[in-house]
Amino acid sequence: MIYFLCWLLPILLSAMAANMCGGKRANRHSGVRKKNPLSGIGPGTYGVSSQQRVGQGPERSKKQIRNGSSKANVSRNGGKMRTARSKSRESNTRSSSNTSKSYANPGLLSKTRNAPSKKVKPQTDPSMHTPNLASATPPVGSKNIVLNRKDNRVIWAERTAKLVCKDISLEFERTIKKYKAPGQTYKACENNEDKNRYADVICCDETRVVLKDRANDYIHASYVQVPNGGQRYICTQGPLPETFEDFWTMVYQEKTKFVIMLCKLCEDNTQKCDKYYPDAKKKKKETYGSITVSLIETKPQPAEEATWNVLSVEPKGKPPFEVYHVQVPNWPDQLAPVDAKPMLNLYKWVKKINPKGSTILVHCSAGVGRTATFVGIDYAIVMIQENESTMIGDVIKEIRKQRYQAIQSHVQFLFLHICIFELFIEEGVIHREGAVADFIRAYQNHAEKKIKKKDKETQAGQNKERQFVREETMEDLCSQLLSIPSHPASCNKTIKV
């Protein structure tokens, strides 16, 4: 009996062990999710083929996103309800023979896993969509806008930065410098030569400012209207003593809050503008004909080296009108500043403070070079925003329809490009890098060379003038000596002296 039990006990234990192992194997296909022990093979359950692992995972994610739930989806088939897990069990049972082959070749599995499944559709959830550069929009209240290649300013900057400063300068000399807008007349200008500072700078009849309540309604000044209902400017020459009263009559008539003076009274040993305003150093009140102009106060500099005076303009028998007179002395004639930032700061400040609907008056010496360049900043920006193919040469031609000879030199022409680049950089439209940075650097080197060359010429002219004055002084002295009577007494007296 003992021997029999010893023989039967191992058999019973083996049978029990076999039943336990069989139960564990049955649970493998029970639909219970377990972590994949083979890291790098992919997510899924044991006994699932590689094709099903690639296809079913994203398919389940798509259904879960659509239904907004992480639970198993329920579908109807033939009037009976069955869960997604029961589908998985059936597919696992059918493909169990392929599983071992897939795991037997990990390299093949990795290729199959990374290959896109034809059944997988792209995510349609808007919250999971990442916008590209072109469709990105700036956050609300952000000062720097996102670079947007659909923005006309970006397209213009990218195209213009590829140009060469030398080629732009040559283009100005060939096609723009001598350009005259068709259909213009200049009768009033020709009939008032004594009121023109320069004989070769003409004022067009079509856009000239007409003075009211004056015996002679002419003044060398033109309206320039920025497109699309933009800012209105008056471009005029530096006043002459004969036109002081005309000038202040125009300011009072047009109610121009700002008078921007972009020159010095004397430059390069030449009178560029006559002093038409009072200042704190001499008299705080000046009378020009029937108009009295008084200095009220001097305010802090709005931009580098700029002077800001508040003036009161009062015609006889009329109420006074307050005017901001701003002088910028650091812009050389026929050239342009090396750094555009001070001028841009002035431009933005004027645009910000100027009352809505108020005309801005700008002048330099002739009223066509520096003046038109300053006005051209506003004009060009509006045209570029409307059309990314705008060339600055087109801008100049449009301005010349209103102000004859607008922009005089290729340096001023280049400077207008730089002003627009710098303004777009400050607004966050473009960055100071790559071709844009190279373009700005090339201009600065060119402008600096031109200014140094002009300074040398000015210095040489001053030395020559001093030499001429010394020679005249010697001639006068000799003449005085020769005019002395030649009798001995006076000669002796002269020698003693």
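The values are calculated or read from the model by the stated rules, or taken from the named source; none is laboratory data. Just so you know, these numbers come straight off a predicted model, no measurement behind them. Counting neighbours? That spans all protein chains shown, and the Cβs are built from the backbone with ideal geometry, glycine included.
If the condition is being assigned to a helix (DSSP H, G or I), under 10 Å from the mean Cα position of the chain (by Cα) and over 24 Å from GLN225 (Cβ atoms), then the range 387-439 contributes ILE418, PHE421, GLU422, ILE425, GLU426. In the range 334-348, how many are of a type outside the set (Ser, Thr, Tyr) and in a helix (DSSP H, G or I)? Summing the residues that are of a type outside the set (Ser, Thr, Tyr) and in a helix (DSSP H, G or I) in the range 334-348 gives 7.
Inspect all residues belonging to the range 357-367 and state whether any of them is within 18 Å of GLY230 (Cα to Cα) and free of Cβ contacts under 8 Å to residues at least 40 places away in the same chain. Looking through the range 357-367, at least one residue is within 18 Å of GLY230 (Cα to Cα) and free of Cβ contacts under 8 Å to residues at least 40 places away in the same chain.
Looking only at the range 233-256, count how many residues are under 32 Å from the mean Cα position of the chain (by Cα) and either without any contact (Cβ under 8 Å) to a residue 40 or more places away in the chain or under 14 Å from HIS363 (Cα atoms) (or both).
Looking only at that region, the number is 8.
Listed residues LYS264, LYS166, LYS180, LYS187; which is closer than 14 Å to GLN402 by Cβ and of a type outside the set (A, V, I, L, M, F, W, C)? The unique qualifying residue is LYS180. Set side by side, the residues ASP394, ASP455, ASP378 differ, and just one is free of Cβ contacts under 8 Å to residues at least 60 places away in the same chain, acidic (Asp, Glu) and within 30 Å of CYS204 (Cβ to Cβ), which is ASP394. Just wondering, is there one or more residues in the range 435-452 that are surrounded by 11 or more Cβ atoms within 10 Å (Cβ to Cβ), under 30 Å from PRO332 (Cα atoms), out of contact with any His (no Cβ under 6 Å at 6 or more places or on another chain) and modelled with pLDDT under 90? Within the range 435-452, one or more residues are surrounded by 11 or more Cβ atoms within 10 Å (Cβ to Cβ), under 30 Å from PRO332 (Cα atoms), out of contact with any His (no Cβ under 6 Å at 6 or more places or on another chain) and modelled with pLDDT under 90.
Of the residues examined, ASP339 is not one that is at pLDDT below 95 and in contact with a strand residue (DSSP E or B) (Cβ under 7 Å, 6 or more places away or on another chain). A single member of GLU314, GLU286, GLU322 is in a strand (DSSP E or B), of a type outside the set (Gly, Ala, Ser) and exposed (fewer than 14 other Cβ atoms within 10 Å of the Cβ), and it is GLU322. In the condition set (1) part of a loop (DSSP other than H, G, I, E, B); (2) farther than 28 Å from HIS325 by Cα; (3) of a type in the set (Ser, Thr, Tyr), THR175 is compliant with all but (1).
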